[in-house]
Amino acid sequence: MKTKAEENREEKIKYEDALRELEGIVRQMESGESDIDQLTTQLKRAQQLLTLCRDRLTKTDAEVKKLLGT
């Protein structure tokens, strides 16, 4: 369960910044830079970022369709 502070922080992060952070996490995992203790934390953060990006894209898609009348 997310705290209110976590929700507020996620609402303020830009899509591009979330994507960049997600790419950084993936690079660390692929390169083996993450130790086993960091892996769980990174996976949880990656999941949060994926959800945030997916939600933003879905919202933007709906807004564009509404504007275009489709």
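The values are calculated or read from the model by the stated rules, or taken from the named source; none is laboratory data. For clarity, every value in this text was computed on a predicted model and none was experimentally measured. Ideal geometry is used to build each Cβ from the backbone, glycine not excepted, and the neighbour counts take in all protein chains shown. The area values use the complete protein model at the heavy-atom level, side chains included, leaving out ligands, DNA and RNA. Shrake-Rupley method; radii C 1.70, N 1.55, O 1.52, S 1.80 Å.
Given the options 40, 70, name the one that is surrounded by 10 or more Cβ atoms within 10 Å (Cβ to Cβ) and either in a helix (DSSP H, G or I) or modelled with pLDDT under 95 (or both). If you could, list the steps in order and put the result at the bottom.
Numbers: 70 fails: surrounded by 10 or more Cβ atoms within 10 Å (Cβ to Cβ).
One residue alone meets the criteria, 40.
For the range 52-64, indicate whether the set of residues that are open to solvent by less than 90 Å² (accessible area, probe 1.4 Å), touching a helix residue (DSSP H, G or I) at 6+ places or on another chain (Cβ under 9 Å), among the hydroxyl-bearing types (Ser, Thr, Tyr) and at pLDDT below 90 is non-empty.
The answer is no, given that none of the residues of the range 52-64 is open to solvent by less than 90 Å² (accessible area, probe 1.4 Å), touching a helix residue (DSSP H, G or I) at 6+ places or on another chain (Cβ under 9 Å), among the hydroxyl-bearing types (Ser, Thr, Tyr) and at pLDDT below 90.
Checking residue 2 against (1) in a loop (DSSP other than H, G, I, E, B); (2) modelled with pLDDT of 95 or more, only one condition comes out false. Which one?
The number of the failed condition is (2).
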